[in-house]
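Trainee: Would you mind keeping the following structure in view while I ask a few things?
The values are calculated or read from the model by the stated rules, or taken from the named source; none is laboratory data. Since the structure is predicted, the reported quantities are computational estimates derived from the model, not experimental observations. Using ideal geometry, Cβ is built from the backbone for each residue, glycine included, and neighbour counts are taken over all protein chains shown.
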Amino acid sequence: MAHKKRILLKLTGEAFLGPDHKTLCPATIQSVIKQITELIPTHLFGLVVGGGNFFRGKNEGKTLGMTPSSAHQVGILATMLNGVILKDLLAQHNITATIFCAIECPPAGEPISQQGIMATVKKEQTMIFTGGTGNPFFTTDTNAVLRALQMEACEIWKGTKVDGVYDKDPHLYNDAKLFKNISYKDALNNSLQIMDPPAFALAEQYKQTIRIFNIFEDNALIKAAQNPEFGSRISCS
Ligand code: UDP
């Protein structure tokens with residue numbers, strides 16, 4: 001039997017929100033789960049979930065006047081809330097997922113370990129990586145690269161609000177140019193904050209391919225699986 005293609009899918013917490021990017025809404029996340037169900041016979045998914053629908057240390061923490069390290073702690077906990085939500089929604093589609101927590105929280109999931117990840121990969125079971133890297137001042141983008149390396153994923157798929165990596169914001173400029181293939185350094189310079197610098201640095205160091213596409217587009221994951229040209233590809237080239 002052919003091995004499944006290992007994919008690290010980074011889901012922003014905003015995938016749990018509606019078009020206003022503020023209110024909880026099932027549409028996007030249910031569509032993502034339906035697509036995962038279709039791809040599971042051929043793909044093994046590690047899901048890194050963000051917490052941006054609840055709390056980002058840099059934003060909400062700042063608004064509340066929190067000290068940065070405590071604010072990031074709240075963001076880390078927010079990713080764990082989303083992990084529990086995601087596991088439940090996946091289970092409703094008969095997908096059993098193991099939650100790994102970067103900070104210990106036995107009721108929510110098991111502590112992350114390399115052995116645990118590889119045992120789950122061997123069972124070809126979906127994984128949900130929560131708690132970010134476990135450290136403040138990082139984001140779940142860096143966590144996505146870290147966990148992709150740990151599960152030996154062939155690609156990271158990062159769903160965003162735009163179709164790929166542009167030279168300027170396509171929501172503001174009609175003539176924004178989409179890069180189909182781009183190096184890590186050029187992506188970092190042109191990414192319009194599509195991923196944060198530590199994530200790019202780690203991906204570049206270990207030559208981890210990243211694909212960026214619009215998660216809000218219909219059947220985005222299916223298109224990513226069927227068409228290597230879908231979205232933008234960030235690699236050594
Ligand atoms: N966070 C952190 N360390 C990590 C990952 C996340 O401190 O390793 C905090 C950080 O404050 C971040 C928040 O958790 O803003 C939520 O994660 P992220 O912003 O990546 O969520 P997303 O934008 O993907 O929904």
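Trainee: Being surrounded by 17 or more Cβ atoms within 10 Å (Cβ to Cβ), over 20 Å from the mean Cα position of the chain (by Cα) and under 25 Å from Leu39 (Cα atoms) is the filter here, so list the residues in the range 87-127 that pass it.
Mentor: none
Trainee: So the check is Cβ under 8 Å with 6+ separation or different chains; which pairs have a first residue in the range 123-151 that's more than 18 Å from His72 (Cα to Cα) and free of Cβ contacts under 8 Å to residues at least 40 places away in the same chain and a second one that's crowded, with 24+ Cβ neighbours inside 10 Å and of a type in the set (Phe, Trp, Tyr)?
Mentor: none
Trainee: Write out, first by first residue and then by second, each pair whose Cβ atoms fall under 6 Å of each other, whose residues are 6+ apart or on separate chains, and whose first residue, in the range 174-196, is within 23 Å of Thr140 (Cα to Cα) and part of a strand (DSSP E or B) while the second is at pLDDT 85 or above and among the β-branched types (Val, Ile, Thr).
Mentor: Final answer for the pair search is Ile182/Val165; Ile182/Ile234.
Trainee: While we're here: Could you list all residues from the range 175-191 that are at pLDDT 90 or above, over 15 Å from Thr209 (Cβ atoms) and in contact with a Lys or Arg (Cβ under 9 Å, 6 or more places away or on another chain)?
Mentor: Within the range 175-191, Asp175, Ala176, Lys177 meet the criteria.
Each row is one residue, and each column tells you yes or no for (1) within 15 Å of the ligand (Cβ to nearest atom); (2) in contact with a Phe, Trp or Tyr (Cβ under 6 Å, 6 or more places away or on another chain).
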{"residue": "Phe54", "(1), (2)": "yes, no"}
{"residue": "Gly57", "(1), (2)": "yes, no"}
{"residue": "Ser69", "(1), (2)": "yes, no"}
{"residue": "Leu77", "(1), (2)": "yes, no"}
{"residue": "Gln92", "(1), (2)": "no, no"}
{"residue": "Ala97", "(1), (2)": "no, no"}
{"residue": "Phe100", "(1), (2)": "yes, yes"}
{"residue": "Pro107", "(1), (2)": "no, no"}
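Trainee: Here's another thing I want to ask about it. Among all residue pairs at least 6 apart or on different chains, which show Cβ distances below 9 Å where the first residue, located in the range 6-29, is farther than 14 Å from Asp141 by Cα and in contact (Cβ under 8 Å) with a residue 12 or more places away in the chain and the second is away from the ligand (no atom under 11 Å from the Cβ) and among the polar types (S, T, N, Q)?
Mentor: So the pair list comes out as Ala15/Thr28; Phe16/Thr28; Leu17/Thr23; Leu17/Thr28.
Trainee: Considering (1) surrounded by 17 or more Cβ atoms within 10 Å (Cβ to Cβ); (2) under 22 Å from Phe138 (Cα atoms), say which one Ala201 fails and leave the rest.
Mentor: With respect to (1) surrounded by 17 or more Cβ atoms within 10 Å (Cβ to Cβ); (2) under 22 Å from Phe138 (Cα atoms), Ala201 is out only on (1).
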